[in-house]
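All remarks here apply to the structure that follows.
Taken together, the values in this text are just the output of simple stated rules run on the coordinates, not laboratory data. No experiment lies behind these values; they were computed from the predicted model shown. All Cβ positions, glycine included, derive from the backbone under ideal geometry; neighbour counts span all protein chains shown.
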Amino acid sequence: MSKFSKKSNKISSDLIVRKNLFKRNFKNKNSKKECDLIFSYNIEKSLLNDFLSSVKIFVISCLNFKNKRVSQNTKWSKILKEISLNRPPNITHNGLFVPKKEISLEYNLMLTSFINLLKKLNLGHKIKYFIGPPQLRIKFGNKKKKFMPNSSEYLHSDAWTQINTKSCSTLFLPLVGDYKKNYVEFFYPKNNYNDQWLDKRYFMDGKNMINYYKKLNLQYTTKKCLIADSSILHQSVTKNNCQARLSMDIGLIPFNFKSKNYSNHSNHVPYEIIEKIGKDKIMIYKDSIEKKIKKTKVGTNTQANRQILSLDQQ
Ligand SMILES: [Fe+2]
């Protein structure tokens, strides 16, 4: 039988294993089941505001390298507009903020605050590896004319990328901006799901999978974060006249997974390392913010030039 066969209505064993693992990994006292492969976690206003203040320090450190006069008091709408009009050199074509030498401390501060947020949601100890150091992303509002092969506008699983694996889940954390018209849609696999559907491919090939999935009716909003298993497909949606939004979309490997679905990659960072940032570790970036970022087809090298220092050995 083809791995894409539509005939049987019986739930595949791969899907059953995924549902059970997902529940074991991510169910906690804060979780709400959106479906059996996506959980959401409400974020209290004060907790979100604490995190956003460290995000703002990081973002304005990037902008001030372009001689913009922005400060902690500048409204988010103005900051996002400034970035959209005049992109700082450390933001990639697809909106990733790449930490650089001059802004390492601000990045470390944001990481510390992010770990604090995860811990408050009782998610910290659920994560074994981050697929890369957590990154901030701006999704611009203007519609692109031409997409790259791995553009998030295509229906995709994050497991399809070079640095990821089939055992990953993704944490979606919308932060500020026009998330009502600039958001993410999610799609649930049909019963004949097979882990081979997560074999590596370009996002642009995701359209071939649409018949094997059904769209979910799920709210994308700043008051909660979502965690979705990699068997869930998703795509970015930008409606006409939408503005930019800021979010963190982070691939992670949970504690429990099928070993054949995971292989280590040098980009993967253990949670326990990131958790020590700001205590006895610091992540240093060597490239200057003024060094131009190379555009690649798959975008795997943006965080390569980094080093984790143990402060007690200095
Ligand atoms: Fe994605």
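I'd like to compare 187-195, 107-115, 11-19, 244-252: which one has the highest average count of other Cβ atoms within 10 Å, and what's the full order after that?
The densest-packed peptide leads the list: 244-252, 107-115, 187-195, 11-19.
Neighbours of K260, meaning other residues whose beta-carbon lies under 9 angstrom from its beta-carbon, give a summed charge of +1 when Lys and Arg score +1 and Asp and Glu score -1. Cα-based values for the range 107-264, radius of gyration first and Dmax second, are 15.5, 45 Å. Please determine, in degrees from 0 to 90 and to the nearest 10, the orientation of helix 104-120 with respect to the longest principal axis defined by the Cα atoms of the chain, where the helix direction is its Cα long axis. With both axes taken from Cα atoms, the answer is about 40 degrees. Round to the nearest 10 and give me the degree value, 0 to 90, for the angle of helix 45-63's Cα axis relative to the longest principal axis of the chain. It works out to around 60 degrees. Using C-alpha pairs under 8 Å with a sequence gap of at least 6, the mean separation divided by the residue count of the chain gives a relative contact order of 28 percent. Eigenvalues of the alpha-carbon gyration tensor of the chain, scaled by 5 and square-rooted, set the equivalent ellipsoid semi-axes at 31, 22, 19 angstrom, largest first.
As a rough guide to protection, the peptides 148-155, 55-62, 266-273 ranked by mean Cβ packing within 10 Å, highest first, stand as 55-62, 148-155, 266-273. Rounded to whole Å, the principal axis extents of the Cα atoms in the range 148-215 read 36, 27, 23, largest first. In the chain, the longest principal axis of the Cα atoms and the axis of helix 76-85 are about 90 degrees apart. Helix content alone sets the calculated 222 nm mean residue ellipticity of the chain: runs of n ≥ 4 DSSP H residues at -39500 (n - 2.57) each, divided across all residues, give -6500 deg cm²/dmol. Normalised Debye scattering of the range 1-143 at q = 0.14, 0.20 Å⁻¹ gives log10 I(q)/I(0) of -0.83, -1.22, counting only Cα atoms as equal scatterers and leaving out solvent.
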